[in-house]
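The values are calculated or read from the model by the stated rules, or taken from the named source; none is laboratory data. Please read all numbers here as calculations on a predicted model, not as lab measurements. Glycine gets a Cβ as well: all are built from the backbone with ideal geometry, and neighbour counts include every protein chain shown.
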Amino acid sequence: MSYQPPRIVITGIGLTAPNGNTLSEYRQNLLDGVSGVQKFDVRYMGQSLAGVCDFDPLKYQKRKAVRVGTRAGSISIYCAREAVADSQVDFDAFDKDRIGIYIGTTEHGNVETENEIYAISKFDYDTKYWSHYHNPRTVANNPAGEISLNMGITGPAYAIGAACAAGNLGLIHAAQMLRLGEVDFAICGGVSESIHTFGIYAGFKSQGALATHKHPAKASRPFDKDRNGIVIAEGGALYTLERLEDAQKRGAKIYGEIGGYCVNSDASDYVLPNPTRQAECVRKALKSAGLKASDIHIVNTHATATPQGDIQECGALREVFGEGCPDTHINNTKSFIGHAMGAAGALELAGNLPSFEDLTVHPTINVDNLDPQCALPGLVLNKPVKAAKVDAILNNSFGMLGINSTLIVKRFTA
């Protein structure tokens, strides 16, 4: 009898997005077409646009901890606490050595450095005004470490740097650690504080990839012929993952089952995606899940609303889902919230998971004039659609330096 790895399931979700601080609020706004993009003042650049979160960090932290820590840390703590509460696990009785924290992130560290340099510039760059909290703020593991400190978790806690594929990687890595028996309970996903550094705005602007629009809610427009770039966003979505037998033993609610995944690299360009390698990533994830393309009922695209990037990804998706997939629906979440970088994949998955229950597929909004090069069968535009069935969701997240990730979550069946 061949070895069957443990089945891994999602039992809790905690999030903060520019258009919602709970899964139910976030989901309803996706169905209602409510954007979370607004005007935002950026140091040295003036007014730009951003996806800004409005959660209460003091719900789970003291004022001093918020001041000493980071925005990414506060987002992480809020999402982790919400996810654990949603899972209804007896957290106080759980062996904290057997809990793992795996947080995908993109830009952490440069935010605090940039802000600290700006602060000491007011004192003629005298380093005696440099914060002695700077080092713990800027280490790569900070978001995971802040969760560990806040919740008293003594198991492994670290961040996973994978550019804008990081949210998916958080879940993938957690599933692997659970299957290996390294932990019994995982808090995982992705977070981002990227709107708090002008450097990312300046970088995208210099690339000609920073979105502009007179109406903020219409600025993020993947697939639209008039799209002109990325809306930068902050946010986070963290999940609790468990082995199925453990979840069933305690009678846990199950959102879905980790079906399959793949991570690969383009090895071809710093920024421009490679559709051949993206398509390969999707195919390998399908193989990992034991599914065909036609078995996927929702594909969440990574599309960021950059002119070339959207076309490249659509080419990859057309190659995999272009024929023989009449029940496959394709949508995009960045049109609502902007690009939350390391949190993007995790937030986008969360927006689609309720489809297992309500069989409704949220749309891509702001598509007034579909770019013919982005036309795909099953593309859901501007209004939600009802699906005949939703048994498998495929979540794509791709990042700079050519990292690609595809995660498949299946409807849970005993």
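Can you tell me which residue among ALA80, ALA93 is surrounded by fewer than 20 Cβ atoms within 10 Å (Cβ to Cβ) and closer than 25 Å to GLY145 by Cβ?
Exactly one residue qualifies, and that residue is ALA93.
Evaluate the range 383-392: report whether one residue or more is closer than 26 Å to LEU244 by Cα and not in a loop (DSSP other than H, G, I, E, B).
yes
Identify, by number, the condition in (1) surrounded by fewer than 21 Cβ atoms within 10 Å (Cβ to Cβ); (2) out of contact with any Asp or Glu (no Cβ under 8 Å at 6 or more places or on another chain) that HIS134 doesn't meet.
That leaves (2) as the condition not met.
How many of the residues making up the range 143-169 are in contact with a Pro (Cβ under 8 Å, 6 or more places away or on another chain) and surrounded by fewer than 24 Cβ atoms within 10 Å (Cβ to Cβ)?
Final tally of qualifying residues: 1.
Given the conditions (1) closer than 30 Å to ILE103 by Cα; (2) out of contact with any helix residue (DSSP H, G or I) (no Cβ under 6 Å at 6 or more places or on another chain), which single one is not true for LEU381?
Unmet for LEU381, out of (1) closer than 30 Å to ILE103 by Cα; (2) out of contact with any helix residue (DSSP H, G or I) (no Cβ under 6 Å at 6 or more places or on another chain): (1).
Look at ALA93 and say whether it is free of Cβ contacts under 8 Å to residues at least 12 places away in the same chain and small (Gly, Ala, Ser).
Yes; evaluated as a whole, the condition is true for this residue.
Could you grab me the full set of residues in the range 13-43 that are among the polar types (S, T, N, Q), touching a helix residue (DSSP H, G or I) at 6+ places or on another chain (Cβ under 9 Å) and outside any loop (DSSP other than H, G, I, E, B)? Give the steps one after another, and end with the answer.
Taking the range 13-43 first, the residues among the polar types (S, T, N, Q) are 16, 19, 21-22, 24, 28-29, 35, 38.
Imposing the further condition that a residue be touching a helix residue (DSSP H, G or I) at 6+ places or on another chain (Cβ under 9 Å) reduces the set to 16, 19, 21-22, 29, 35, 38.
Result: THR16, ASN29, GLN38.
How many residues are among the charged types (D, E, K, R) and buried (at least 22 other Cβ atoms within 10 Å of the Cβ) when one looks only at the range 307-365?
4
Please enumerate the residues belonging to the range 245-275 that are under 22 Å from ILE393 (Cα atoms) and of a type in the set (Phe, Trp, Tyr).
Matches in the range 245-275: TYR255, TYR261.
Only one of ILE200, ILE187, ILE172 is surrounded by fewer than 24 Cβ atoms within 10 Å (Cβ to Cβ), touching a residue at least 24 places away in the same chain (Cβ under 8 Å) and within 20 Å of the chain's Cα centre (by Cα). Can you tell me which?
Values: ILE187 fails: surrounded by fewer than 24 Cβ atoms within 10 Å (Cβ to Cβ); ILE172 fails: surrounded by fewer than 24 Cβ atoms within 10 Å (Cβ to Cβ).
Sole residue among the options that is surrounded by fewer than 24 Cβ atoms within 10 Å (Cβ to Cβ), touching a residue at least 24 places away in the same chain (Cβ under 8 Å) and within 20 Å of the chain's Cα centre (by Cα): ILE200.
Would you check which residues across the range 369-409 are within 29 Å of GLY342 (Cβ to Cβ) and among the polar types (S, T, N, Q) and list them?
Across the range 369-409, the qualifying residues are GLN373, ASN382, ASN395, ASN396, SER397, ASN404, SER405, THR406.
For a quick check of your reading: which helices (runs of 4 or more DSSP H) sit entirely within the range 122-240 and have at least 3 residues that are at pLDDT 95 or above, of a type in the set (A, V, I, L, M) and not assigned by TED's automatic domain parsing to the domain that holds LYS334?
It comes to 142-151, 166-179.
Quick check on ALA392: is it within 19 Å of ARG283 (Cα to Cα), buried (at least 23 other Cβ atoms within 10 Å of the Cβ) and touching a residue at least 60 places away in the same chain (Cβ under 8 Å)?
yes
(1) modelled with pLDDT of 95 or more; (2) over 30 Å from VAL385 (Cβ atoms); (3) in a loop (DSSP other than H, G, I, E, B): which one isn't true of TYR3, the others all being true?
Here TYR3 meets the rest and fails (1).
Are any residues in the range 46-61 out of contact with any helix residue (DSSP H, G or I) (no Cβ under 7 Å at 6 or more places or on another chain) and either modelled with pLDDT under 95 or more than 22 Å from ARG81 (Cα to Cα) (or both), and if so, which ones?
Selection gives GLY46, GLN47.
Output the residues belonging to the range 78-116 that are assigned to a strand (DSSP E or B) and either at positive phi or among the β-branched types (Val, Ile, Thr) (or both). First the steps, then the outcome.
Keep residues of the range 78-116 that are assigned to a strand (DSSP E or B), which gives 99-105.
Answer for the range 78-116, where residues must be assigned to a strand (DSSP E or B) and either at positive phi or among the β-branched types (Val, Ile, Thr) (or both): ILE99, ILE101, ILE103, THR105.
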